[in-house]
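These notes concern the structure reproduced below.
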């Protein structure tokens with residue numbers, strides 16, 4: 001009878017005991033009873049399991065969350081590292097390309113003996129310019145043709161020593177200009193030469209390696225670098241660093257200029273004074 005009474009007392013106290021709310025004397029009483037009563041001991045074990053189970057679930061969820069967080073953090077770090085590697089690689093590539101082209105361009109721009117031919121297109125106009133340059137002497141011919149009016153205009157710049165002349169042709173009319181306008185043209189590269197421009201180009205310009213013949217067969221399949229910014233595209237010869245084609249973007253008609261260069265081939269015979277027969281002095 002006493003045993004049953006003790007069981008009832010212990011069973012009433014078990015919830016508080018499991019939660020750790022009973023005093024030391026009560027704990028001793030309960031623990032002594034549990035050693036002798038299998039029924040109450042089983043009830044105690046079930047209570048303890050039920051109470052601990054949610055904690056285990058919570059702990060498990062926390063562990064899973066931390067694991068997922070660590071995986072995401074590790075993945076993010078890897079992505080950032082990959083982006084940095086790609087950025088540094090692109091930056092390094094741009095640096096190598098621009099510095100190499102700049103050095104090549106400087107070498108070719110230092111020549112004072114060169115032949116240049118430019119073909120430019122914009123809207124209805126087609127312009128051809130040829131220049132033979134040797135030192136301070138040169139012969140430059142500029143011809144503009146309008147596909148709309150079929151009109152041809154021509155300018156001839158001649159300078160050899162102190163002898164200089166400027167001729168103009170508009171249709172059938174031919175004039176000797178009274179005043180001489182400097183007509184010398186230098187090799188063009190579109191590659192930045194000062195340090196500040198180089199740094200800006202390295203960071204902001206988009207450089208793509210391509211075969212120019214894919215874009216235009218007029219450039220004889222020269223291997224180029226295509227250098228872009230917001231409003232311009234420049235095709236630069238990989239071997240010489242000189243411009244092969246330049247495109248200026250605008251809202252109406254793009255200006256396209258094709259370049260062809262030859263160095264150290266111009267002789268005195270190439271810079272001959274133009275025949276002024278049929279020309280009249282401009283009033």
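The values are calculated or read from the model by the stated rules, or taken from the named source; none is laboratory data. This one's a predicted model, so the numbers in the text were calculated from it and none came from an experiment. Using ideal geometry, Cβ is built from the backbone for each residue, glycine included, and neighbour counts are taken over all protein chains shown.
Assorted remarks:
- Top-ranked residue in region 124-148 [being touching a residue at least 24 places away in the same chain (Cβ under 8 Å) and farther than 19 Å from residue 261 by Cα; ranked as farthest from the chain's Cα centre (by Cα)]: 148
- Between 278, 183, the distinction of being within 28 Å of residue 125 (Cβ to Cβ), over 23 Å from the mean Cα position of the chain (by Cα) and either modelled with pLDDT under 80 or not assigned by TED's automatic domain parsing to the domain that holds residue 131 (or both) belongs to 183 only.
- Of all residues making up region 4-38, the number that are loosely packed, with under 12 Cβ neighbours inside 10 Å and part of a helix (DSSP H, G or I): 11
- Scanning region 161-180 for residues that are farther than 17 Å from residue 281 by Cα and modelled with pLDDT of 90 or more yields a total of 0.
- Residue selected from region 99-123 under the condition in a strand (DSSP E or B) and closer than 23 Å to residue 255 by Cα, by the criterion farthest from the chain's Cα centre (by Cα): 115
- If you go through region 149-169 and keep only what is without any contact (Cβ under 8 Å) to a residue 60 or more places away in the chain, closer than 28 Å to residue 253 by Cβ and either in contact with a helix residue (DSSP H, G or I) (Cβ under 7 Å, 6 or more places away or on another chain) or assigned to a strand (DSSP E or B) (or both), you end up with 152, 153, 154, 155, 157, 169.
- For residue 236, the test of being outside any loop (DSSP other than H, G, I, E, B), in contact with a helix residue (DSSP H, G or I) (Cβ under 8 Å, 6 or more places away or on another chain) and either over 22 Å from residue 187 (Cβ atoms) or at pLDDT below 80 (or both) is failed.
- So residue 121, is it without any contact (Cβ under 8 Å) to a residue 24 or more places away in the chain and closer than 20 Å to residue 257 by Cβ: no
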